[in-house]
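What follows is calculated from the coordinates using simple rules that are stated; it is not laboratory data. As the structure is a computational prediction, the values presented were derived from the model and not from experiment. Positions of Cβ are backbone-derived with ideal geometry, glycine not excepted, and every protein chain shown enters the neighbour counts.
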Amino acid sequence: MKVVVGITGGIAAYKVPELVRLLKKQGHEVRCAATGHALEFVTRVTLETISGAPLYSDLFASGRTEHISLKDWGEMLVVAPATANIIGKVASGIADDALSTLLLAFSGKPVIMAPAMNCEMWAHPAVQRNIETLKGWGIRMVGPEKGELACGVSGVGRMSEPEAIVAEVNNLSPFSSHLSPQKWLVTAGPTYERIDSVRFIGNYSSGKMGFALAQALADAGAEVELVSGPTSLTIDHPRVHLTRIESAREMYAAVTEVFPRCNGAILSAAVADYRPSECADHKLKKNGSEGMHLDLVQNPDILATLGGMKTDKQTLVGFALETDNEEANAQYKLEKKNLDYIVLNSLRDKGAGFGVDTNKVTVISRDGRHTESPLLSKKEIAQLIINTVTT
Ligand code: CTP
């Protein structure tokens, strides 16, 4: 796909070279257009070198009508970062520089914007009204995300990570779904191990990470078999097939049945390692003042089973939730369970782990490469994991 990346003057412009690099890595052709203010944050030389094409930034460069030729060339326009200024200009039909002129000329083709600004600017009614106007015209917004902003405060206004923007490009692109026609398996959520007809052993997993992985894989063109333990989450994507299970043994049965037909699997479920050896079919009654003793037996290790089934053509990714000796434990699990990658989640990191919307991970590959993420939304983490394990 031929993508024009439009850059405006926000600090997040420093992430644009990475965005361009990722787009090119996924087979897109890229040309950049920048405002004068954008070039205060990222240089012409960087943009031209990474994109491999001349930068468009001057509306009045000797007799050229670049905004017209660039709008004819481009199949999609991505504005990242999109400041309050460019959003306001487009909403008002103002074309007073190279990028705003290109934006008005770029009709009938997909436009994505990744807004980035101070949180109070973002909340201003004028900005919100302009965003609604642009959305009403079909412009797709990615972000902004909540987090620490360049001005030192924390709030909604941070530009989405390049991975999230690339995923939206792929999502809107009819041809560049780079994982099509692959099939991937994802496990999510907790498992419940029944004690009796009303009680179970469970854990705090929300399923958010697994659902975000399924969504990101499907957005990249893959067919997804999502096998999830009990969760209130839902997913509505034509390429995601959701099987809901309750116990580890039910997950084992569903997963081992489908895995041989998959190109890869990402097992993010928090599977209970043990289950009660017996399950009463009625509610167990209190037994006077005596304590209660549960006899537990081990559940099958689903990930290790897939590691044993795996062919050379399949990619297997596991998660490791650790509290100490994190890297060594993750490395050990990777080797023991015959994985290609392991995603290390440290419970020591604030904002990472169960229940929250954010996560912070390190993806370790079989050959020892480490990809470390900052604290990101689970959606962005999912995209980072998919980009790492599918390229
Ligand atoms: N897993 C699994 N089946 C199990 C237990 C775990 O498929 N019965 C998978 C999880 O989905 C995750 C990975 O194994 O991808 C690691 O889970 P974790 O609980 O961190 O590790 P364990 O192997 O169970 O080891 P331990 O609990 O001793 O740390």
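Structure summary
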| read-out | value |
| --- | --- |
| Potential extension, Asp58-Asn329 segment - 0.36 nm per residue separation minus Cα distance | 92.1 nm |
| Part-to-part distance (alpha-carbon centres) for the range 1-39 and the range 154-172, which is given in Å | 13 |
| Approximate spin-label separation Glu48-Lys283, in nm, with each point projected 7 Å along Cα-to-Cβ | 7.7 |
| Two-decimal ratio, the range 184-257, of alpha-carbon radius of gyration to 2.2 N^0.38 Å | 1.12 |
| Ordering of 188-201, 377-390, 9-22 by packing [mean C-beta count within 10 Å, highest first] | 377-390, 9-22, 188-201 |
| 12 Å beta-carbon shell around Glu250, net charge (K/R +1, D/E -1) | +1 |
| C-alpha center-to-center spacing [the range 102-124, the range 281-297] in angstrom | 60 |
| Mean Cβ count within 10 Å, highest first, over the residues of peptides 49-57, 164-172 | 164-172, 49-57 |
| Residue (of Asn171, Ser206, Thr187) at the positive-pole extreme of the range 155-311, dipole from beta-carbon charges | Ser206 |
| Cα radius of gyration and Dmax for the range 105-255 (Å) | 19.6, 66 |
| Around Pro230: net Lys/Arg minus Asp/Glu count, Cβ-Cβ under 12 Å | -1 |
| Relative pair counts by distance (%), Cα atoms of the chain, 20 Å bins | 26, 49, 21, 4, 0 |
| Shape call, the range 55-141: gyration tensor on alpha carbons, a/c limit 1.5 | prolate |
| Neighbour-count order for Leu233, Leu316, fewest beta carbons within 10 angstrom listed first | Leu233, Leu316 |
| Fraction of beta bridges assigned by DSSP in the chain that are antiparallel (%, nearest 5) | 30 |
| Among Thr390, Gly88, Thr49 - extreme Cα towards positive end, dipole of the chain, charges at beta-carbon | Gly88 |
| Highest average packing first - 324-336, 103-115, 278-290, Cβ atoms within 10 Å | 103-115, 324-336, 278-290 |
| Sorted by Cβ density within 10 Å, fewest first, the residues Asp312, Asp219 | Asp312, Asp219 |
| Student exercise, the range 311-381 dipole from Lys, Arg, Asp, Glu Cβ charges, in Debye to nearest 20 | 180 |
| Gyration tensor (alpha-carbon) shape descriptor, the range 1-124, a/c threshold 1.5 | rounded |
| Relative counts (whole %) of C-alpha pair distances in the range 326-391, using bins that are 10 Å wide | 22, 52, 26, 0 |
| The range 1-43: radius of gyration and largest Cα-Cα distance (Dmax), Å | 10.3, 29 |
| Rounded to the nearest 20 debye, dipole of the chain from Cβ charges on Lys, Arg, Asp, Glu | 440 |
| Local electrostatic count, Val317, Cβ distance below 13 Å [Lys/Arg +1, Asp/Glu -1] | +3 |
| Size descriptor, Kirkwood hydrodynamic radius, that averages inverse alpha-carbon separations across the range 208-292, Å | 15.2 |
